1. Are there GluC sites (Glu not before Pro) in region 148-256 that DSSP puts in a loop and that have at most 10 other Cβ atoms within 10 Å, and which ones?
2. Can you work out the Karplus-derived ³J(HN,Hα) for every residue in region 252-264? Use 6.51 cos²θ - 1.76 cosθ + 1.60 with θ = phi - 60°, whole Hz, and x for glycine or proline.
3. Given just the C-alpha atoms of the chain, how large is their convex hull per residue in cubic angstrom?
4. Per the Kirkwood formula on distinct C-alpha pairs, the Rh of region 142-231 is how many angstrom?
5. Would you please state the base-10 log of I(q)/I(0) at q = 0.14, 0.23 1/Å for region 11-125, with intensities from the Debye formula using one equal scatterer on every alpha carbon?
6. Taking the Cα centroid of region 98-175 and of region 34-53, what is the distance between the two, rounded to the nearest whole Å?
7. If you average 1/r over every pair of different alpha-carbon atoms in region 115-186 and take one over that average, what Kirkwood value in Å do you get?
8. Normalise the Cα radius of gyration of region 196-289 by 2.2 N^0.38 Å (N = residues in it) and let me know the number.
Amino acid sequence: MVGVLGSGLMRIVIVGAGAIGSFLAERLSLERQDVVLIESNPEVAAKASDEIDCLVITGNGASSDTLKEAGIAKADLLIAVSSSDAVNVLACAAATKLKVPNKVARVEDPKLKAEVEALGVDLVIDPDAAAARELVTLAAGGEVAERVEFGSGDLVLIGGYVAEDSDIIGGTLAELRETVVGWDWLVLAVIHGKHTGKNTVIARGDTTLEAGDHVLMMAKKKHAEKAYGWLGISSRPAETAFIIGGTRMARLAADALVARGVRTTLAEGDPSRAQRIAERHPHVTVINAAPSERDVLEQEGIGNADTVMAVTGWDGENVLAALIAKTLGAREVISRFTNIQLMGLGAGVGIDATVSPRLSAANEILRFVRRGAIHSVETFSDTDAEAIELEVGPNSYAIGKTLMELELPRTLIVGGVERDGRGFVPTGDTRIEVGDHLIVVSLPDSLAFAEKLSG
């Protein structure tokens, strides 16, 4: 893909093989970028080396010697995303001395943020803040699992789970299209497997939908409500929110929700911690209750909440709390997952949406890395499909051809086109023009084809 320097192939050094670093290394390696991953923990480094097709170096990412071994002097981009703010700052300092043109750092300490910005770091990522923003977006979308606006905002990608009583169950997309009149829509991808392993299918006319399927579809923004109804889900924004856990992410989300006029309750199991949160966040109703205390949570009204966010630091606690909330009648439940690989399991047990600070941060970094002809990137929790907005350049082979004539691979679909500030859902007869913005959903094996579309 076109990267931060506007060239196809980049040398990228990533410090930290944790959830963010390994996710980025895997994604960027699939795009044939020259990735070097540095990890100080030998066991983690060995695991990354076995699973990711890139060079893995065991060493301290803050060490000049280790960075030199990774070829930092020839790097186009440094991504410092270890769990240590200090290591990330030192890595950026070394990269600055060696004139690495682009730098990204994960930093949560506000005092250190100013320090890395002074080093000329292009993007400073705070995973908790990124995830908190995602939580607020989910609360504003009701039972919608994803809502992403593209281009000027004319087009919206909607993600949701097919309701058990939805009329669309069992029919092919070709058959369903004949039943819908008055608005344009296109199903882009279907993630099957509510109770078993996930299987992503780029949608075609013969694709069928079943209850619990995770569906990604494109529609005009003005028709979004019809799309929600088609899936059998509600998009009414939350007026009340119940947050379980007193993590930093939870507190950031609570403050943001209150600022939007959402009545917010936060439950924290540790009494002294709950007291401190209540003192520092006076506009949030804070109660002392553990995630497993069903009776207390019920008495405090968790079942009546529009949205419940289970965001403690423990995945098991979050799943338990989310299931309790759903059982008691909460309209939408969202669970935080530390382990990105477990996020896709949420739908199988009744969780409406999932969020991960690590995945949220990784998505923001990918958007930065791919800027240029690539205008935005979205990844999803339970599939390796990506939604990419790209611009058709003057050298693209696609210019003048219809989508049908392009003979797109089965693992890629063009779901939307923005032209001259107007977005629309394309058909097979849509002809590509210079300057078009294409919204493409692709599996990894077709990312190179997407690159060809941009020229």
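1. Details: sites: E149, E164, E175, E178, E210, E225, E239; in loops: E164, E210, E239.
Those satisfying the criteria are E164.
2. 5, 5, 4, 4, 5, 5, 4, 4, 8, x, 8, 5, 10
3. 145
4. Averaging 1/r across every pair of different Cα atoms and inverting gives 13.2 Å.
5. Ignoring solvent entirely, the Cα scatterers give -0.47, -1.28.
6. Here the answer is 26 Å between Cα centres.
7. Value: 16.1 Å, from the Cα pair sum.
8. Normalised by 2.2 N^0.38 Å, the Cα Rg of region 196-289 equals 1.56.
Every number in this text was worked out from the coordinates using simple rules, so none of it is lab data. If you're wondering where the values come from, they're calculated on a predicted model, not measured in any experiment. A quick note on method: Cβ atoms are made from the backbone with ideal geometry, for glycine too, and the neighbour counts reach across all protein chains shown.
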